[in-house]
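Read the structure below first, then the notes.
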């Protein structure tokens, strides 16, 4: 006949958790990390300190959309955790500064023949001329977009993916026509008519195959730096 001690021990064992939780695992799963939406942060400077970002790209923050859902998923980079913390306290203070830096960086290399992506019959001023800013300039998750009017801004904001695809096509068409991108930044092979063309940030990139495209997209800052260097000869 089982003793009282044996019965108590059996009861305790029956109450012990089994499976993964028994090993000390937290039953509440950690929230998944935020994923970047839109273009990567390709600026070389920290908007808080003004210092150049370290070689590894610095500290990364993905905006969670709090306070401004249009920024959700947008990538920002900083030189240190202190600057990242300053940004998190007052993102609305620093985002306009980032936007202006992006406009200054991307405007000179904006496709010359690109029209308004919303009203495609509407021409835009030459992006390298004195009237380059005489249109509506919008920064959509690290990507400069030039539009002809306020109405087009509203239409763009409703479906940015659709209109960015139109802009991407203009970027790629200009890059192909220029002939300045003629080698794969990953393999170093010459590009042929079967090359894969796509856009990273605002930069057209051509790769010799789909595998190289995936590798190029996995490290956008390195890829864009490589393409830019090759274009300068």
Inset, instruction - Just give me the residues in the range 134-150 being more than 16 Å from residue 100 (Cβ to Cβ) and in contact (Cβ under 8 Å) with a residue 24 or more places away in the chain, in sequence order. - result: 147, 148, 149
Inset, instruction - Inspect all residues belonging to the range 120-129 and state whether any of them is in a helix (DSSP H, G or I), outside the structural domain of residue 228 (by TED's automatic domain parsing) and touching a strand residue (DSSP E or B) at 6+ places or on another chain (Cβ under 9 Å). - result: no
Legend entry - Single unsatisfied condition, residue 171 versus (1) without any contact (Cβ under 8 Å) to a residue 60 or more places away in the chain; (2) under 18 Å from the mean Cα position of the chain (by Cα): (1)
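Given the condition touching a helix residue (DSSP H, G or I) at 6+ places or on another chain (Cβ under 6 Å), in a loop (DSSP other than H, G, I, E, B) and modelled with pLDDT of 95 or more, answer yes or no: does some residue in the range 28-41 qualify?
Within the range 28-41 (the criterion being touching a helix residue (DSSP H, G or I) at 6+ places or on another chain (Cβ under 6 Å), in a loop (DSSP other than H, G, I, E, B) and modelled with pLDDT of 95 or more), the answer is yes, since at least one residue qualifies.
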Legend entry - Pairs with Cβ under 8 Å, 6+ apart, first in the range 178-200 and closer than 16 Å to residue 109 by Cβ, second in a loop (DSSP other than H, G, I, E, B): 181/191; 200/39; 200/40
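Is it fair to say residue 202 is at pLDDT 95 or above and closer than 23 Å to residue 76 by Cβ?
On the way: at pLDDT 95 or above: yes; closer than 23 Å to residue 76 by Cβ: yes.
So residue 202 passes the test.
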Inset, instruction - Looking for whichever is at positive phi and surrounded by fewer than 17 Cβ atoms within 10 Å (Cβ to Cβ) here; the options are 201, 179, 211. Which one fits? - result: 179
Legend entry - residue 102, sole failed condition from (1) touching a residue at least 40 places away in the same chain (Cβ under 8 Å); (2) in contact with a helix residue (DSSP H, G or I) (Cβ under 8 Å, 6 or more places away or on another chain); (3) buried (at least 19 other Cβ atoms within 10 Å of the Cβ): (2)
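The values are calculated or read from the model by the stated rules, or taken from the named source; none is laboratory data. Keep in mind the model is a prediction, meaning the values are calculated, not measured. Using ideal geometry, Cβ is built from the backbone for each residue, glycine included, and neighbour counts are taken over all protein chains shown.
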